[in-house]
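What follows is a set of notes on a single structure, which appears directly below.
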Amino acid sequence: MDPVELRELVPHAIRVLVRRGADFATAEDAVQEALVKALAWGDSPPEDPTAWVVTVAWRSFLDQARSTSARRDREARYDARPPAGDVPSTDDSLQLHFLCASPALTPSSAVALTLRAVGGLTTRQIAEAYLVPEATMAQRISRAKRTIATAGVERPGDVRTVMRVLYLIFNEGYSGDVDLAAEAIRLTRQLADLADDPEVHGLLALMLLHHARRASRTDEHGAIVPLVAQDRSRWDTERIAEGVAILQAALGRDQLGEYQAQAAIAALHADAVRVEDTDWVQIVEWYDELLRFADTPITRLNRAVAVGQADGPRAGLAALAEVPDDVPRWTAVAAHLHERDGDLALAARLYAEAADRATNQAERDHQLRQAARVNQRLSAG
Amino acid sequence: MAKYLLLKHYRGGPTPICDLPIDEWAPGEFDDHVRFMGEFAARLQASGEFVDAQALAPTGTFVRSGDDGAPIVDGPFAETKDLIAGWMVIDVDTEARAHELAAELSSAPGPGGEPIHEWLEVRPFLSGPPEHGGDDHTACLTAD
């Protein structure tokens, strides 16, 4: 059975168990147990996988309820219930999303719980993706469930908090055997079907447009390839077309928000056949729109790059001067603008400093290569 | 989430607050110290923030390749300037949380059952490549 189809059964089964009266935390554990058993199906799944998962999860739930002596009365009550005929509604699906993105949870807990309960991943897959021991991830998830059992029911999330969680998952990228970016896109698609909000469509478009350029972003050794040097023939044109269509439909509803504005910027990049065709003036305009919704130093830093392209490096440096210099990548942007402005000695120094300040290895290596390149230009005179 | 290394130095950090060498503590004091470390690790396990904890033997050797590629060994050295005793790796939401946990670990009991306020070095891990990066556009030119 396709692993994604199997994952889709997980939130469904949780909702069925909760409908039958199970508490969320125990239901979620029971379904996880059934999921781990289902992974052993291999190429010969049962005739009705949904019914199988629900039945096995329900049995596991009853076992867990039975092992807690205090729950004896409830157990009798559950056993008496007819086991079938439960169809969760759209509303249930949305509630499950909201519960897992409760603002009572820390971002990392909300991410882990969403991936397990809504995404249908196993604890081990999530642990591998985030490079922590499986026991740590298991604890993080049970803690998250304890938190929402006490605080989350009164403080469920909403579409905004769910979008933030999905965007965090998307940005985590790829390690272990699950592609988290693809997983985030799948869940955002679901959310877009459940919640009629143009911002969710904006987020989906943004993810598709970024994801479409993934293959060209790094070379075969994992080194960063800057936009200017990317092989645009490797961009996924089908994904770009889908992202642009979703964005246009969302923008047509005239309720602009930060995700739609970011997607518009990504679309303008995706739209340029060659890097010199990029419409930087319009990109700056979209950054100005974006500032209305998300006036953050990072947005202003990005805007300074765009201004540098649209109006020249001096204008870019002027825009950069208004951004606090402790923002990640500030030094990298300064280095780039000074290089274009012809101050190679300063640029080389700033690239080296940007390498020291990088928070990931690929970016550090990239900035070191830039520093080496500029130093070579300097010594060649 | 970000990973941090909490590095425990026997030598090489700022001047220690507790200057009584550990081998001069009372046996019970030493046991309490070790128990505290174990309980701290268990608390991290339970909070879902634990990644790794290791202790190192105090003496090590320096190794490099020779002209023929074979290892050339220097040492062992027992009296290096900087002596790393061990580490913990944590996975936490914020740098502030990493500092909070480091402070908690630093308050392990020593002589007289008093916290030793040991200096711990906190180092962020360089993460893997940002797949897309919320700040993707920065990078239009620099990295994308």
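The values are calculated or read from the model by the stated rules, or taken from the named source; none is laboratory data. What you see is a predicted model, and the numbers here were worked out from it, not measured in a lab. Please note: Cβ atoms are built from the backbone with ideal geometry, for glycine as well, and neighbour counts cover all protein chains shown. Accessible surface is based on the protein model in full, side chains and every heavy atom, while ligands, DNA and RNA are left aside. Shrake-Rupley method; radii C 1.70, N 1.55, O 1.52, S 1.80 Å.
Odds and ends about this structure:
- Relative contact order (%) - chain A, alpha-carbon pairs under 8 angstrom, separation at least six: 10 percent
- Applying both filters, DSSP loop and at most 15 other Cβ atoms within 10 Å, to the trypsin sites (Lys or Arg not before Pro) of the stretch B:20-124 gives B:Lys81.
- Exposed loop sites here mean GluC sites (Glu not before Pro) with a DSSP loop assignment and at most 15 other beta-carbon atoms within 10 Å; chain A contains its longest site-free run at A:48-153.
- Cα gyration tensor shape of the protein assembly as shown, rounded if a/c is under 1.5, else prolate or oblate by comparing a/b with b/c: oblate
- Loop-resident sites, the stretch A:191-280, for trypsin sites (Lys or Arg not before Pro), counting at most 11 other Cβ within 10 Å (DSSP): A:Arg274
- Residue-by-residue Karplus 3J(HN,Hα) for the stretch A:52-63, coefficients 6.51, -1.76, 1.60, Hz, glycine and proline x: 4, 4, 5, 5, 5, 5, 5, 4, 5, 4, 4, 4
- Against the main long axis of the alpha-carbon atoms of chain A, helix A:361-380 sits at an angle near 10°.
- Peptide A:130-143 shows a mean partner chain C-beta count of 5 within 10 Å per residue C-beta.
- Over the residues of chain A, the helix contribution to mean residue ellipticity at 222 nm works out to -21500 deg cm²/dmol, using -39500 (n - 2.57) for each DSSP H run of at least 4.
- Of all accessible heavy-atom area on the protein assembly as shown, the percent that carbon and sulfur account for (1.4 Å): 52 percent
- Gyration tensor verdict on the stretch A:300-381 (Cα atoms; rounded if a/c is under 1.5, prolate if a/b is larger than b/c, oblate otherwise): oblate
- Between B:Leu83 and B:Tyr10, B:Arg11, B:Gly12, the built amide H atoms are under 5 Å apart, and every one of these is 5 or more places off in sequence or on another chain.
- Within straight-line cross-link reach of B:Lys8, aspartates and glutamates at Cα separation under 12 Å, skipping those fewer than 8 residues along the same chain: B:Asp82, B:Glu118, B:Glu121
- Listed by chain and number, the lysines whose C-alpha is less than 20 Å from the C-alpha of A:Lys37, apart from same-chain residues fewer than 8 away, amount to an empty set.
- Calculated [θ] (222 nm, deg cm²/dmol) that DSSP helices of n ≥ 4 give over chain B, each run adding -39,500 (n - 2.57): -8000 deg cm²/dmol
- Folded to 0 to 90 degrees: helix A:237-251 orientation relative to chain A principal axis, Cα: 80 degrees
- Whichever lysines have a C-alpha closer than 28 Å to that of B:Lys3, once near sequence neighbours (fewer than 8 apart) are set aside: A:Lys145, B:Lys81
- Whole-number percent relative contact order across the stretch A:293-381, with pairs defined as alpha carbons under 8 Å at least 6 apart: 21 percent
- For the stretch A:106-122, residues shielded by at least 40 square angstrom of accessible area compared with the chain on its own, probe 1.4 Å: A:Ser108
- Residue-averaged beta-carbon neighbours from other chains (10 angstrom radius) around A:213-222: 2
- Backbone amide hydrogens, once placed in the peptide plane, bring B:Leu126 within less than 5 Å of nothing, excluding anything fewer than 5 places away on its chain.
- Estimated vicinal HN-Hα couplings, Hz - the stretch B:91-98 in sequence order (Karplus 6.51, -1.76, 1.60; Gly, Pro = x): 10, 10, 6, 9, 5, 4, 5, 4
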